[in-house]
Amino acid sequence: MAIIAVVGNKGGTGKTTLSVNIAAGLSKQSSIAMIDADPQGSALQWRAIAGSNVNFPVYAPTFSLREQAKNYAATSDYVLIDCPPSVHAPQTLAVLEFADLALIPVQPSPIDLWATVHIEKAINEAREVNPALKALLVINQLEARTTLSKLVREVLSEIALPVADTAIRRRAVYRNSALEGKCVFNFGKRGAEAAAELDSLIREVI
Ligand SMILES: Nc1ncnc2c1ncn2[C@@H]1O[C@H](COP(=O)(O)OP(=O)(O)OP(=O)(O)O)[C@@H](O)[C@H]1O
Ligand SMILES: [Mg+2]
């Protein structure tokens, strides 16, 4: 059904973390297939240790990402694609040409915010061939008390892409989930706040 690409123009913004946790959240009620389109293979690595912690597959990319994604979309409710850390990477460019939605995690740091300008351009270019492409910026690793975190929405308002109302906070449970091959939904009470913010983000996305 819907193909969701998690993209960005910088390393370490949280693409893989958000991909796997959004996939996990969606998988509570829907069927999910995930493609790891990043040659770093982090999502595949995570899946290899996750075992039965989650109930969806993560696939290595095949020759045609488009064909692969459309195939999974025919039998799954959502296809999530974790992309490399550049909007100029061939995988990202290819995915933006057929995805329904680009989710773009951004950290409240100046360098991340500068990099979003390239994303806006890439989204606009992709829309020439994929006019239905939606895009949503997601603030990730928010620390409520820092000045930059307070300013981040103001800065992002200069970019002509919508920003999700739900911001994802910096929380140890996101790091631990990667380490242990889990998602935040596997952590019970310890993951409750993260699970709640993810559910809220998912409601905005679908
Ligand atoms: N909300 C968060 N709170 C705490 N840690 C986070 C959060 N989001 C991501 N991280 C951590 O930040 C690091 C980078 O995250 P991640 O690997 O998901 O980013 P990425 O954009 O996929 O990176 P790359 O560009 O290398 O693929 C990881 O150690 C991850 O555990
Ligand atoms: Mg990654």
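Brief remarks follow.
- Of the residues 160, 69, 144, 115, the single one that is over 21 Å from residue 35 (Cα atoms) and touching a residue at least 60 places away in the same chain (Cβ under 8 Å) is 115.
- Taking first residues from region 166-191 that are in contact (Cβ under 8 Å) with a residue 12 or more places away in the chain and outside any strand (DSSP E or B) and partners that are among the hydroxyl-bearing types (Ser, Thr, Tyr) and within 16 Å of ligand 2 (Cβ to nearest atom), the Cβ contacts under 6 Å between residues at least 6 apart in sequence or on separate chains come to 174/17; 183/177; 184/177.
- A Cβ distance below 8 Å, combined with a sequence gap of six or more or placement on separate chains, defines the contacts here; from region 79-97, residues that are of a type in the set (S, T, N, Q) reach residues that are more than 14 Å from ligand 2 (Cβ to nearest atom) and modelled with pLDDT of 95 or more in the pairs 91/65; 92/122.
- Residue in region 132-154 that is within 25 Å of residue 88 (Cβ to Cβ), among the aliphatic types (A, V, I, L, M), over 18 Å from the mean Cα position of the chain (by Cα) and more than 15 Å from ligand 1 (Cβ to nearest atom) present: yes
- Selection count, region 76-116, where residues are assigned to a loop (DSSP other than H, G, I, E, B) and small (Gly, Ala, Ser): 5
- Only one entry in 130, 176, 186, 124 is away from ligand 2 (no atom under 16 Å from the Cβ) and exposed (fewer than 14 other Cβ atoms within 10 Å of the Cβ), namely 124.
- When 33, 60, 23 are checked against the criterion of being small (Gly, Ala, Ser), open to solvent by less than 30 Å² (accessible area, probe 1.4 Å), modelled with pLDDT of 95 or more and touching a helix residue (DSSP H, G or I) at 6+ places or on another chain (Cβ under 8 Å), 33 stands alone in meeting it.
- Among residues of region 1-20 being over 11 Å from the mean Cα position of the chain (by Cα) and among the small types (Gly, Ala, Ser), the one that is surrounded by the most Cβ atoms within 10 Å (Cβ to Cβ) is 2.
- Those residues of region 126-142 which are in contact with a helix residue (DSSP H, G or I) (Cβ under 8 Å, 6 or more places away or on another chain) and of a type outside the set (S, T, N, Q), in sequence order: 126, 133, 135, 136, 137, 138, 139, 142
The values are calculated or read from the model by the stated rules, or taken from the named source; none is laboratory data. What you see is a predicted model; the values in this text were computed from it and never measured. Cβ sites come from the backbone with ideal geometry, for glycine too, and all protein chains shown count toward neighbours. Heads up: the accessible areas ignore ligands, DNA and RNA and are worked out on the full protein's heavy atoms, side chains in. Shrake-Rupley method; radii C 1.70, N 1.55, O 1.52, S 1.80 Å.
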